Amino acid sequence: HPFSMPLMLGEAASPAAENNGGGMLVDKIDFPRKKLSNSEAVYTIVNIFVGLGMLSKPYSLAMGGWVSLGGLTLLCFWGAASGLIMIRCFQLVPGSRVTYPQLGEAAMGMAGRRLVQAIILLEFMGATIIVM
């Protein structure tokens with residue numbers, strides 16, 4: 001469990017400190033686990049997208065003019081259609097918890113799995129670089 005792993009190394013700050021076998025004392029912190037309900041998850045996702053839209057749409061409209069609204073509308077429909085296709089694909093792959101690499105493997109074999117893993121890795125690396 002990642003949340004039960006020690007976060008800080010050093011001197012014992014509390015009597016709950018444990019020796020991890022390497023001679024260093026580590027504080028063990030237990031975090032309460034709370035799962036989101038479906039409605040809370042939907043609220044969070046909508047909140048993120050609305051917040052991003054409120055920040056990015058005026059800028060894109062200022063940079064692209066009224067013509068950019070047509071492009072944004074086209075991208076909106078394209079995203080919705082690809083989302084529906086993705087849902088149908090996930091429903092076709094057997095298993096209750098299908099991952100993107102498993103979906104790639106079902107579509108194109110091991111090469112598809114590797115391609116999807118590489119794209120996910122590049123996406124995470126790109127997001128990390130952008131945040132830096």
Packing-ranked peptide list from 66-75, 97-106, highest mean Cβ count within 10 angstrom first, is 97-106, 66-75
On each of the three principal axes the extent of the alpha-carbon atoms of segment 44-132, given in whole Å and largest first, is 45, 32, 26
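Place a +1 charge on the Cβ of each Lys and Arg in segment 30-132 and a -1 charge on the Cβ of each Asp and Glu, then give the dipole magnitude about the Cα centre in debye, rounded to the nearest 20.
Dipole magnitude for segment 30-132 comes out near 180 debye.
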Between Thr73 and Cys89, the two model label points (7 Å from Cα along the beta-carbon direction) sit apart by a distance in nm of 2.8
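Values quoted throughout were computed directly from the atomic coordinates according to the rules given, and no laboratory measurement underlies them. Note that the coordinates shown come from a computational prediction; the quantities given were computed from them, not determined experimentally. Neighbour counts are summed over all protein chains in view; Cβ atoms, including those assigned to glycine, are modelled from backbone coordinates with ideal geometry.
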